[in-house]
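Asker: Can you keep this structure in mind? I'll have questions shortly.
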Amino acid sequence: MKPFTDDKNDLAQQLSLSDTPVMRRVESISSNINEQLLERARDFTSFSIAIDESKDIFDVEQLVIWSRGVDDNFKITEEMSSLSPMYGKARGIDIFDEVQKVLSKASLPVTKLSRVTTDEAPSMLGIGSGLKGQLSR
């Protein structure tokens, strides 16, 4: 491996790697990616979501929502839309509320939702109070 030249060594020493600048940069990149996804989502002619819930090592339910949309030019965009902790009970209505928040934040109208894939847990499939029942109302 080639050692740094004096110019590059000076430049490397000027870089700030403290928590705050690194955190700001990560937040900036995250925000930019989110804006790009929201912009693409506005052009979806239809979209689908995949939802899964599982407990983490601290016994907290984690709800992950993936979305896949297609626009008029048949360009497909697929991304993780949300990873949300579900403190307390993860009932069908709670999951439905979280899905609504995610769709609303992404400006995705339910009228363009074509498919929902789940892990078939009772809270997802219940006809009355499950996510499936809530979405079909």
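The values are calculated or read from the model by the stated rules, or taken from the named source; none is laboratory data. What you see is a predicted model; the values in this text were computed from it and never measured. Positions of Cβ are generated from backbone atoms using ideal geometry, with glycine treated the same way; all protein chains shown enter the neighbour counts.
Asker: Tell me the residue from Ser107, Ser81, Ser67, Ser114 that is among the polar types (S, T, N, Q), touching a residue at least 12 places away in the same chain (Cβ under 8 Å) and out of contact with any Ser or Thr (no Cβ under 7 Å at 6 or more places or on another chain), please.
Answerer: Testing whether each residue is among the polar types (S, T, N, Q), touching a residue at least 12 places away in the same chain (Cβ under 8 Å) and out of contact with any Ser or Thr (no Cβ under 7 Å at 6 or more places or on another chain) leaves just Ser107.
Asker: While we're looking at this one, here's another question. Scan region 28-65 for residues that are β-branched (Val, Ile, Thr) and either at pLDDT 85 or above or buried (at least 16 other Cβ atoms within 10 Å of the Cβ) (or both) and jot them down.
Answerer: Ile29, Thr45, Ile49, Ile51, Ile57, Val60, Val64, Ile65
Asker: Could you list all residues from region 66-83 that are surrounded by fewer than 18 Cβ atoms within 10 Å (Cβ to Cβ) and under 12 Å from the mean Cα position of the chain (by Cα)?
Answerer: Trp66, Glu78, Glu79, Met80, Leu83
Asker: Also: Can you name the residue in region 91-115 that is of a type in the set (Ser, Thr, Tyr) and at negative phi and is also surrounded by the fewest Cβ atoms within 10 Å (Cβ to Cβ) among such residues?
Answerer: Thr111
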